[in-house]
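J.: Here it is: the structure, laid out below.
The values are calculated or read from the model by the stated rules, or taken from the named source; none is laboratory data. The shown structure was predicted, so the numbers you read here are calculated from the model rather than taken from an experiment. Positions of Cβ are generated from backbone atoms using ideal geometry, with glycine treated the same way; all protein chains shown enter the neighbour counts.
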Amino acid sequence: MIVVNEDIIIDDAEVEFEFVRSSGPGGQNVNKVSTAVQLRFDVANSKSLTGPVRERLERLAGRRLTKDGVVVINANRYRTQERNRQDALDRLVGLVARAAEVPKKRRKTRPTAAGVERRLAEKRRRSQKKRLRRDSVADDD
């Protein structure tokens, strides 16, 4: 069981791991040992997620989401399979936790009366400055 928060617990059977060869440093092991991890989590068919969380997760996943609704996380930061596996799990938990947060609703606000007055006063000053420039050019003709 993967615990995201008190409301969301992902069953281990819903997460699939595939181990592949990793690029980058690794010495002699780089061509022999499959240390990189590819984690797959089927968001579309997950029983652990509610509708709103699923929708937010699909939006947050971006390029990591396949057409079939599967989130794919690649982890090859470390040289060992176990650390990459844990890294992929941590990233999945972080992603689901972010999706579980309900976004705050935006409340419409209006500018204060003093703010409106300041803006209009500045417009009048700018207008006066430009009018003075224009008039001085007209006097020279």
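J.: Counting only residues that are out of contact with any helix residue (DSSP H, G or I) (no Cβ under 7 Å at 6 or more places or on another chain), at pLDDT 80 or above and charged (D, E, K, R), which one in the range 17-46 is farthest from Arg85 (Cα to Cα)?
T.: Checked the range 17-46; the qualifying residue farthest from Arg85 (Cα to Cα) is Arg40.
J.: Return the residues of the range 63-100 that are modelled with pLDDT of 85 or more, over 18 Å from Asp42 (Cα atoms) and of a type outside the set (S, T, N, Q); say none if nothing qualifies.
T.: Within the range 63-100, Glu82, Arg83, Asp87 qualify.
J.: Just one of the numbered conditions (1) hydroxyl-bearing (Ser, Thr, Tyr); (2) at pLDDT below 90; (3) not assigned by TED's automatic domain parsing to the domain that holds Asp12 is not true of Ser127; which one?
T.: For Ser127, the failing item is (2).
J.: Go through the range 99-124 and give me each residue that's among the acidic types (Asp, Glu) and under 20 Å from Arg56 (Cβ atoms).
T.: First, the residues of the range 99-124 that are among the acidic types (Asp, Glu): 101, 117, 122.
Glu101, the sole residue that qualifies.
J.: Taking Ser127 and the conditions (1) in contact with a strand residue (DSSP E or B) (Cβ under 8 Å, 6 or more places away or on another chain); (2) without any contact (Cβ under 8 Å) to a residue 40 or more places away in the chain, which numbered condition does it fall short on, given that it satisfies the others?
T.: All conditions pass for Ser127, except number (1).
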